[in-house]
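The values are calculated or read from the model by the stated rules, or taken from the named source; none is laboratory data. Worth saying up front: this structure is predicted, and the values here are computed from it rather than measured. Cβ: placed from backbone, ideal geometry, glycine included. Neighbour counts: every protein chain shown. The protein model used for the area step is the full one, side chains on, heavy atoms only, and it has no ligands, DNA or RNA in it. Shrake-Rupley method; radii C 1.70, N 1.55, O 1.52, S 1.80 Å.
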Amino acid sequence: MKRFLSIVLVLLMFLSVMTCACADNSLSKYSDAQLKQLYESVREEMIRRGLPLAQEITLKEGKFVIGQDILPGSYIIKCTETFGDTYGDVYSSLGGLFGDELGGMMSSLGGMMGDLINAQVEIIGDYGTVLKSFELGVGDSARITLSEGTALQISDGTCVLTAG
């Protein structure tokens with residue numbers, strides 16, 4: 001009886017290993033053309049369902065067309081860097097090169113730059129009409145809805161777009 005049970009267990013283990021080997025999900029078996037076709041099919045289905053293609057999109061200064069560069073939907077946009085902070089660091093560093101009085105003024109100016117220059121975010125419609133516009137400082141965020149046929153323009157900073 002023990003021998004029979006041992007044989008059955010070994011046989012079951014062998015069958016489970018064979019099943020796992022046959023169910024290999026490796027994409028290396030696809031040709032380049034088949035892999036591209038599979039990717040496009042998955043991408044189209046995700047768009048149809050309204051699923052984000054990426055968890056997070058980093059947007060540097062520029063204009064992004066909704067429906068081409070970014071999928072339509074609701075997002076949270078968060079500022080990660082402003083040019084004011086970058087310029088402020090430069091002024092503060094220059095302040096260290098000069099004497100006490102001029103150096104102090106340069107450092108103070110550097111501190112103010114971070115507060116003065118924020119990232120500009122604009123949602124642009126047909127013919128360049130600005131539908132919505134706001135500023136974000138580092139760490140600030142806002143909830144936005146992007147529709148196809150519009151564009152998102154980022155100026156004076158870098159932002160991260162997260163589906164939400």
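Numbers for the structure displayed
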quantity	calculated
Evaluation of residue 44 against (1) under 25 Å from residue 151 (Cβ atoms); (2) open to solvent by 70 Å² or more (accessible area, probe 1.4 Å); (3) modelled with pLDDT of 85 or more (one fails), failing number	(3)
Sole residue being charged (D, E, K, R), modelled with pLDDT under 85 and open to solvent by 70 Å² or more (accessible area, probe 1.4 Å), chosen from 69, 85, 100, 32	100
Cross-chain or 6+ apart pairs with Cβ under 9 Å, the range 125-140 first and within 19 Å of residue 82 (Cβ to Cβ) and in contact (Cβ under 8 Å) with a residue 24 or more places away in the chain, then among the hydroxyl-bearing types (Ser, Thr, Tyr) and not in a loop (DSSP other than H, G, I, E, B)	136/82; 137/82; 138/80; 138/82; 139/80
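Per-residue answers, yes or no, for (1) buried (at least 17 other Cβ atoms within 10 Å of the Cβ); (2) charged (D, E, K, R); (3) at pLDDT 90 or above:
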{"position": "119", "(1), (2), (3)": "yes, no, yes"}
{"position": "129", "(1), (2), (3)": "no, no, yes"}
{"position": "135", "(1), (2), (3)": "no, yes, yes"}
{"position": "139", "(1), (2), (3)": "no, no, yes"}
{"position": "146", "(1), (2), (3)": "yes, no, yes"}
{"position": "153", "(1), (2), (3)": "yes, no, yes"}
{"position": "161", "(1), (2), (3)": "yes, no, yes"}
